[in-house]
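Structure record follows, encoded as structure tokens.
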């Protein structure tokens, strides 16, 4: 009896051991990511950094062969392979070199990210959005120092946090409110200033409070490089084309003496920082091996690409006013601040918002500055991040502005199907009018945002619906009791010289997906087909 | 009967087409922070190589233990809309170039390597026998070597020019703290006007670094 019991126990133990062995993955000491999706690359390197493994990512075939020479042949490779691979056949290459491989096939970058965090089981977690890469890059070295996993926000974030029993959860940067609401209660801290620089500065200060350092990393959140994830110093964003003044203020206040810039693309900005602060700056710009030099292993991440241009300029001598119309030809809203230099200098007092695909006319009280003006536009994706610059010259035409357009806002509703505010605008004037409508201080999640429309033409005596796209959850709709609107309008599309401000309540509803045109067209086709079918049967 | 069939057919087709039309309503974009961070596409983008096209460095083999890198660091960087150049990298003055096997050196803790014992430690780190003629110990025999603001009073070596005479650059050796077992840092000053390298070319720097058996990956840094 005793013997049978022992045997049974022994069998059970063996079975249990086998089960455990099948559940525990091969213990790898090196992670390689072969994926065209930046989120796979980031997740793989991040996983490697917090599990004390060496991380690599493939950028092209030649670079992949160099990775081989750096891998430890005595250690297994944890290979993350994405749908689009910088080098096809990389796995076969590893096998042919005798590497033992543990595979993770990434068909969905969010799933992969979550699986890696679940594997690592970190006590600390940082949650970021994945629309752009800069927030993930911003938290990279902080996560490494804190041994925190970085999760891309999703509908499953809450359950992942619960599953790993995360103790400290930092929610960083902008996350769509409908996602944030699902795990906001689990957050220990939220950093979201609606500005990637402000967020970065806040984290930078937090890093230095928790882990004092004399060395910092300079970057701009546009690339992934090993040091931006495995480094042990705080990362500071320095702008793409210009250095925001606040960057140098932050450096001065933190008493930092030494900085490393990753990549050479931002060398002029680093030079500006050195001139302003006097700190020592080193540019990490290349690598070399076996008598050859190579570019750094860099992986580009998606970045917002705001655009702005001067569409026209007119001078109204009667009103002593310079009217400049700007156009945003890009796909995201932009903030800009213009400076014009002629006999005098005029400039915007504060950053101006312009929605994607829209126009905006600014009026400047000024003496006649001449028939051609030099301008400088500082611009960016948020009012405090004007890190881009464009310069040029514009011809100034003479005009006498006599705009007779008149508009009235009839109603406002939030259309849950369109995920947009729909503003009914009526033309009460004697001429056709063009209008851009903007809603200011709309509460979305923890943010207050400004959203705008494209230019809409409203014929005399008619009404038009103007759409302001913004995704709102039910909670968001409850938070906004009324809508504050700003209307920029005029009788010429490129000269929206009139301005009105309206505050009104709004209803919530869902429009039909079908227009009358559709219904008539479909019925017409159906009648035709029906006629053919019945005729054939006869 | 035919009339009823006709009506049923029309209704069926209408429902099908309307259903199809409804199902194909385009999804709305999702504005993000301040209503402007609308993602403009997927997250899959091409893997980017680095951008060192404006910086030329080249390498050559000296012995099996040493590699030489030389080149220029001047250049211009074009940004903006094509017709405008806002930054000219040639305006950036570079003081020194450094090479380290460590991708993440702690620049706040660089110390010069000068003693015999320290050099022998470095030989061991690279797997060299310090008594070999081309070991670090027997190659970096110079003293008071300085590079940029980071290295001074270090051991060093002066690579030859094309005439076989001591060239214009010293390569200095230092030690850094870091996670790599090979915690070496090598540096040399940049000569903006250029000077003659070992191969007769006029370049702005020349640097020689040791390489372990099987190769050593180096990261290069410019001090501005």
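The values are calculated or read from the model by the stated rules, or taken from the named source; none is laboratory data. Computed from a predicted model, the values in this text were never measured in an experiment. Don't worry about glycine lacking a Cβ; one is built from the backbone with ideal geometry, like all the others, and counts go over all protein chains shown.
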Candidate set from region A:326-355 (those that are within 12 Å of chain B (Cβ to nearest Cβ) and out of contact with any strand residue (DSSP E or B) (no Cβ under 9 Å at 6 or more places or on another chain)); member that is nearest to residue A:493 (Cα to Cα): A:330
Residue that is closer than 30 Å to residue A:193 by Cβ, assigned to a loop (DSSP other than H, G, I, E, B) and not assigned by TED's automatic domain parsing to the domain that holds residue A:64, where the choices are A:143, A:131: A:131
Region A:46-60, subset outside any strand (DSSP E or B) and within 12 Å of another protein chain (Cβ to nearest Cβ), residue surrounded by the fewest Cβ atoms within 10 Å (Cβ to Cβ): A:52
Which listed residue is touching a strand residue (DSSP E or B) at 6+ places or on another chain (Cβ under 8 Å) and not in a helix (DSSP H, G or I), from A:169, A:160: A:169
Single residue of A:449, A:522, A:425 found to be facing another protein chain (nearest Cβ under 9 Å), part of a strand (DSSP E or B) and surrounded by 19 or more Cβ atoms within 10 Å (Cβ to Cβ): A:449
Condition met for residue A:379 (surrounded by fewer than 21 Cβ atoms within 10 Å (Cβ to Cβ) and either assigned to a strand (DSSP E or B) or within 11 Å of chain B (Cβ to nearest Cβ) (or both)): no
Test for residue A:388: is it touching a strand residue (DSSP E or B) at 6+ places or on another chain (Cβ under 9 Å) and over 12 Å from residue A:339 (Cβ atoms): yes
Test result for residue A:175, within 14 Å of chain B (Cβ to nearest Cβ), crowded, with 18+ Cβ neighbours inside 10 Å and in a strand (DSSP E or B): no
Residue that is farthest from residue A:308 (Cα to Cα), among those in region A:356-376 that are in a strand (DSSP E or B) and within 14 Å of chain B (Cβ to nearest Cβ): A:374
Residues of region A:295-309 classified as crowded, with 20+ Cβ neighbours inside 10 Å and in a strand (DSSP E or B), total: 1
Which listed residue is within 23 Å of residue A:476 (Cα to Cα), touching a residue at least 24 places away in the same chain (Cβ under 8 Å) and surrounded by fewer than 21 Cβ atoms within 10 Å (Cβ to Cβ), from A:190, A:164: A:190
Enumeration of residues in region A:91-122 that are outside any helix (DSSP H, G or I) and buried (at least 18 other Cβ atoms within 10 Å of the Cβ): A:99, A:104, A:106, A:122
Residue identified as modelled with pLDDT under 90 and in contact with a strand residue (DSSP E or B) (Cβ under 9 Å, 6 or more places away or on another chain) among A:299, A:285: A:285
Output for region A:61-83, where each listed residue is farther than 15 Å from residue A:98 by Cα and surrounded by fewer than 16 Cβ atoms within 10 Å (Cβ to Cβ): A:61, A:62, A:83
Residue list for region A:468-496, restricted to those being buried (at least 19 other Cβ atoms within 10 Å of the Cβ), free of Cβ contacts under 8 Å to residues at least 60 places away in the same chain and not in a loop (DSSP other than H, G, I, E, B): A:468, A:469
Odd one out for residue B:93 among (1) surrounded by 14 or more Cβ atoms within 10 Å (Cβ to Cβ); (2) within 14 Å of chain A (Cβ to nearest Cβ): (1)
Subset tally (residues that are in contact with a strand residue (DSSP E or B) (Cβ under 9 Å, 6 or more places away or on another chain) and more than 22 Å from residue B:92 (Cβ to Cβ)) for region B:144-176: 23
Odd one out for residue A:401, checked against (1) within 11 Å of another protein chain (Cβ to nearest Cβ); (2) surrounded by 15 or more Cβ atoms within 10 Å (Cβ to Cβ); (3) over 30 Å from residue A:472 (Cβ atoms): (1)
From the options A:218, A:208, residue that is closer than 19 Å to residue A:42 by Cα and more than 10 Å from chain B (Cβ to nearest Cβ): A:218
Residues being within 27 Å of the chain's Cα centre (by Cα) and without any contact (Cβ under 8 Å) to a residue 12 or more places away in the chain - total across region A:233-264: 2
Boolean, residue B:216 is touching a helix residue (DSSP H, G or I) at 6+ places or on another chain (Cβ under 6 Å) and within 14 Å of chain A (Cβ to nearest Cβ): no
Of the criteria (1) under 17 Å from the mean Cα position of the chain (by Cα); (2) assigned to a helix (DSSP H, G or I), which one residue A:206 fails: (1)
